[in-house]
1. Please work out the average accessible area per residue across the chain, using the 1.4 Å probe convention, and give it in Å².
2. Let me make sure I get this right: for the range 5-67, a, b and c are the square roots of the gyration tensor eigenvalues over alpha carbons, sorted descending. Under 1.5 in a/c it's rounded, otherwise prolate if a/b > b/c, else oblate. Which is it?
3. With the contact rule set at Cα under 8 Å and sequence spacing of 6 or more, what percent relative contact order holds for the chain?
4. In deg cm²/dmol and to the nearest 500, what is the mean residue ellipticity at 222 nm of the chain if only DSSP H runs of at least 4 residues count, each as -39500 (n - 2.57), divided by the residue total?
5. Put Arg72, Arg40 in order of accessible area, largest first, 1.4 Å probe: what do you get?
Amino acid sequence: MPKAVNVRVTTMDAELEFAIQPSTTGKQLFDQVVKTIGLREIWFFGLQYVDSKGYTTWLKLNKKVLSQDVKRETPL
């Protein structure tokens, strides 16, 4: 079984950590985040990250989190 990866998600109110599988998509992570914080207006939001070049960009929901240019840190 592939090793889980820890991901930190920072909101205006909280810092959350999740363990995701290498196969986890952006949508699966986003769904986990909105469920955890109880967000209802999900169509209005998305997840951003800082890429390996230092630019802020949107996480693509239809792609695996780890296949995107996310800066490799621990936690992610």
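1. Working: 5670 Å² over 76 residues.
Dividing the accessible area of the chain by its residue count gives 75 Å².
2. Cα axes put the range 5-67 in the rounded bin.
3. 33
4. Calculated mean residue ellipticity at 222 nm is -5000 deg cm²/dmol.
5. Working: Arg72 145, Arg40 190 Å².
Reading off the accessible areas and sorting them downward yields Arg40, Arg72.
The values are calculated or read from the model by the stated rules, or taken from the named source; none is laboratory data. Just so you know, these numbers come straight off a predicted model, no measurement behind them. The protein model used for the area step is the full one, side chains on, heavy atoms only, and it has no ligands, DNA or RNA in it. Shrake-Rupley method; radii C 1.70, N 1.55, O 1.52, S 1.80 Å.
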